[in-house]
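**Student:** Just dropping this structure here.
The values are calculated or read from the model by the stated rules, or taken from the named source; none is laboratory data. What you see is a predicted model, and the numbers here were worked out from it, not measured in a lab. Backbone-built Cβ (ideal geometry, glycine too); neighbour counts: all protein chains shown. Just so you know, the surface numbers come from the protein's heavy atoms only, side chains and all, with ligands and any DNA or RNA stripped out. Shrake-Rupley method; radii C 1.70, N 1.55, O 1.52, S 1.80 Å.
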Amino acid sequence: MRDIIAKELLVFHVEIGKPTVDWQFGKQLLELFAEHDKRLVPQILSVWNDKVADFTDVEDARPHWAGAGQLRVNGSMSEFHAGLGWRRNLTTKYQAEVKHEHRNVKGRYLPASLSVYAKPHKSVDWRGFAESLYELTDAQYGFMHLYRDAHLRKDLSNAREPTWTVEQRTSASIPQLGWSTFLGQPYAGVVGQFLERNQHVDHNVSVVKLGSGIAISLTESIYCVADRFDVFSLKRAKVKSWFPGNFFTM
């Protein structure tokens, strides 16, 4: 999905913990984008990267939400609900896409997910936006992070920090701490231990309880990742030390 070229690229991924096919969820999700900040109001709606409508109101998305699709693999036909994408090209340039929960051809259940790639605007309340999305989606795991030098390669392989995705998480580990990280129900035991230690209180780390999990923000502004990476990296290492030793794979 991503074709935004930016020196500093904001990346948000979340594994959704509730059904997404019903339009009521879609309406709430798009309302969050439209109402959180005028610089995040969608402009164009797309399905499989093809434009399907201009966005003038949330209801413009209703006819395109969770449309039926089919896929044939080795003679077997599977049905699914097509995801919806939206993007904005003014002020805050970004792309977003929701993929609905489904079962693959082997019958394995795959949860819904939301992905956002943005050339961030410094005036947007990104922490509040991330936390609102975690709460609305009943996130199981998610993160928001700012990748430096993202313009060097489309796949980010030459960026100064390795990237990761929600698909890399397991029931016992996550890849990395982003600037903002959400740990939901699958990590209830780890979250309980983290809160009991209470170390974050004395280190100016934001920890917010949302539903069945917590949102951890390492600094006040996401731009600390770009402007003061050495400071950010040291703080992240400190916070990671408060978790079990094998909890992170990076």
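**Student:** Remind me, relative contact order of the chain in percent, using alpha carbon pairs under 8 angstrom and six or more residues apart?
**Tutor:** 21 percent
**Student:** Going by the alpha-carbon gyration tensor, a ≥ b ≥ c the square roots of its eigenvalues, is the range 117-250 rounded (a/c under 1.5) or, if a/c is not under 1.5, prolate (a/b greater than b/c) versus oblate? Working shown, then result.
**Tutor:** On the way: a/c = 1.40, a/b = 1.37, b/c = 1.02.
Note, shape of the range 117-250 comes out rounded.
**Student:** Applying the Karplus parametrisation 6.51 cos²θ - 1.76 cosθ + 1.60 with θ = phi - 60° to the phi angles of the range 209-216, what ³J(HN,Hα) value in whole Hz is obtained for each residue in order, glycine and proline being reported as x?
**Tutor:** Values, residue by residue: 7, 10, x, 8, x, 9, 9, 10 Hz.
**Student:** Given the rule -39500 (n - 2.57) for each run of at least 4 DSSP H residues, summed and divided by the residues of the chain, what is its mean residue ellipticity at 222 nm, to the nearest 500 deg cm²/dmol?
**Tutor:** Values: 5 runs with 52 residues, N = 250.
Mean residue ellipticity, 222 nm, calculated: -6000 deg cm²/dmol.
**Student:** May I ask you to derive the FRET efficiency for Thr170 and Ser212 from their Cβ-Cβ distance with R0 = 22 Å, giving the value to the nearest 0.05?
**Tutor:** The computed FRET efficiency comes out at 0.75.
**Student:** To the nearest 10 square angstrom, what accessible area does Glu8 show with a 1.4 Å probe?
**Tutor:** We get 60 Å² for Glu8.
**Student:** 7 Å from Cα along Cα→Cβ at both Asp3 and Lys38: what's the point-to-point distance in nm?
**Tutor:** For the pair Asp3/Lys38, the computed spacing is 2.9 nm.
**Student:** Short version: ³J(HN,Hα) in whole Hz for each residue of the range 222-227, in order, from phi by Karplus 6.51 cos²θ - 1.76 cosθ + 1.60 (θ = phi - 60°), x for Gly and Pro, what are they?
**Tutor:** 5, 6, 4, 4, 8, 8
**Student:** Also, I was wondering about something else. Going by the alpha-carbon gyration tensor, a ≥ b ≥ c the square roots of its eigenvalues, is the range 159-230 rounded (a/c under 1.5) or, if a/c is not under 1.5, prolate (a/b greater than b/c) versus oblate?
**Tutor:** Note, shape of the range 159-230 comes out oblate.
**Student:** If His203, His36 are ordered by their accessible area, calculated over protein heavy atoms with a 1.4 Å probe, which sequence runs from highest to lowest?
**Tutor:** Values: His203 80, His36 60 Å².
I get His203, His36, largest accessible area first.
**Student:** By a straight-distance test (C-alpha under 29 Å), which lysines pair with Lys38 as possible cross-link partners, with residues fewer than eight away in the same chain excluded?
**Tutor:** Straight-line reach from Lys38, under 29 Å: Lys7, Lys18, Lys27, Lys51, Lys93, Lys99, Lys119, Lys122, Lys154, Lys209.
**Student:** What accessible area per residue, rounded to a whole number of Å², is obtained for the chain using a probe radius of 1.4 Å? Each step should come with its number before you reach the end.
**Tutor:** Values: 12160 Å² over 250 residues.
About 49 Å² of surface per residue is accessible.
**Student:** Project the alpha carbons of the chain onto their principal axes and report the range along each, largest first, in whole Å.
**Tutor:** Rounded to whole Å, the extents work out to 51, 41, 34 Å.
**Student:** What's the extension gain from Asn246 to Trp23 if we count 0.36 nm per residue and subtract their Cα-Cα distance?
**Tutor:** 76.3 nm
**Student:** Just order 21-31, 113-123 by mean Cβ neighbour count inside 10 Å, highest at the front, would you? Please report the intermediate quantities before stating the final value.
**Tutor:** Values: 21-31: 16.3, 113-123: 19.0.
Ranking the peptides 21-31, 113-123 by packing returns 113-123, 21-31.
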